[in-house]
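The block underneath contains the structure these notes are about, expressed in structure tokens.
What follows draws every value from the coordinates through simple rules; no lab data is involved. Keep in mind the model is a prediction, meaning the values are calculated, not measured. Reconstructed Cβ throughout: ideal geometry from the backbone, glycine too, with neighbour counts over all protein chains shown.
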Amino acid sequence: MMAAARIPAVSGELRENEPMSRHTSWRVGGPAELFFRPAGLEDLSLFLRELAAETPVFWLGLGSNLLVRDGGIPGVVIAAAGIFKDLERVAELQVRAGVSLPCTQLARQCVRWGIGPSEFFAGIPGTVGGALAMNAGAHGGETWERVRSVTTIDRRGDVRIRSIGEYQVGYRSVTRIDDEHDQNDEWFVEALLEFEAGVPASQETLKALLARRKNTQPLGLPSCGSVFRNPQGDFAARLIETAGLKGDRIGGAEVSTKHANFIINRNHASARDIEALISHVQRTVSDVHGVELVHEVHIIGEAAS
């Protein structure tokens, strides 16, 4: 454990040995050594500046694209879900969105404002921050097609605005073009998004996308959303289903019978169960189809001893 003297004094909430199963959509995961919920940006900046440089830091959003191993996370988990939820229309076609804002809420408000194409955000589980980190997309739209700039905070507590030209963006991939700093030591705080003139948002399209998501995905059970990236020219769900994997289980984890690219916590699964099932799906799809599936879910932490 970190010595109490090395933990900064803050206004936000600090907890030791906080179970990550309370903070991930899969409802699994061992404890965070220290769990910090900042009171705001200034509080977060102060915390980072005073935190010992050798202490590992992990940034947590809604935990909807995350598998935390059963041994937990050493160092500090920063839980940003309680702050950075602002959404402001700053110009006719531009909005400023905080990273903790749910993507569905972003889509709903943009549709109310009549600016598009914005409906696709309703198909992205989780928050704007998660969508920024992986260039999440749905129904033909991708997050970084709309980004004009981002505000970030780094490991030293410094806040800056970065242009889109400072990032290399690909399919489910975003990398800062900077060889001098650790890519994992800077996090998004908000984004300036711009939509298109002459492309009005449709309430009907939004409702149809939400209905489709409800009808095709196992939303009532703990999952992380889509587990695997779609291979070029194909769909991970099709490959998994045609490999006969729907309904396969390891421990309490199951490949969904409703959507094959979902793994659900069916019956008190452990993170180990889920990770083993991910590997089983990858091996089977490789054997049957000759395709190597890449998981888009982030797997972190230590295995249980």
Checking the a/c ratio against 1.5 first, then a/b against b/c, what shape does the Cα gyration tensor give for segment 87-205? prolate
Filtered GluC sites (Glu not before Pro), segment 195-261: DSSP coil and at most 10 other beta carbons within 10 Å: none
Each residue of segment 278-295 in order: what ³J(HN,Hα) in whole Hz does its phi give by Karplus 6.51 cos²θ - 1.76 cosθ + 1.60, θ = phi - 60°, with x for Gly and Pro? 4, 5, 4, 4, 4, 5, 5, 5, 5, 5, 7, 10, x, 10, 8, 6, 10, 6
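Taking only DSSP H segments of four or more residues, each worth -39500 (n - 2.57), what value at 222 nm results for the chain once the sum is divided by all its residues, to the nearest 500 deg cm²/dmol?
-7000 deg cm²/dmol
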Sort the chain into rounded, prolate or oblate with this rule: let a ≥ b ≥ c be the square roots of the eigenvalues of the Cα gyration tensor; rounded if a/c is under 1.5, and if a/c is not under 1.5, prolate when a/b is larger than b/c, oblate otherwise. oblate
Largest-first ellipsoid semi-axes for segment 4-79, taking √(5λ) over the Cα gyration tensor eigenvalues, angstrom: 21, 13, 10
Compute the separation of the alpha-carbon centres of segment 189-237 and segment 50-94 and state it in Å as a whole number. 22
By its C-alpha gyration tensor, with a ≥ b ≥ c as the square roots of the eigenvalues, how is segment 85-149 shaped: rounded for a/c under 1.5, else prolate for a/b larger than b/c, else oblate? rounded
Contact order normalised by length for the chain, with contacts defined as Cα pairs under 8 Å and 6 or more residues apart; what percent is it? 18
Considering only DSSP beta bridges whose two residues both sit in segment 4-79, what percent are antiparallel, to the nearest 5? 45
Within segment 132-204, list the trypsin sites (Lys or Arg not before Pro) lying in a DSSP loop whose Cβ has at most 14 other Cβ atoms in a 10 Å radius. Arg156
Choice from Ile177, Ile78, Ile240 showing the highest fluctuation, given a GNM over the chain with Cα pairs closer than 10 Å: Ile177
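Are there GluC sites (Glu not before Pro) in segment 24-118 that DSSP marks as loop and that have at most 15 other Cβ atoms within 10 Å, and which are they?
Details: sites: Glu33, Glu42, Glu50, Glu54, Glu88, Glu92; in loops: Glu54, Glu92.
Passing sites in segment 24-118 are Glu54, Glu92.
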Proximal lysines to Lys246, defined as alpha-carbon separation beneath 30 angstrom and excluding residues fewer than eight positions away on the same chain: Lys207, Lys214, Lys258
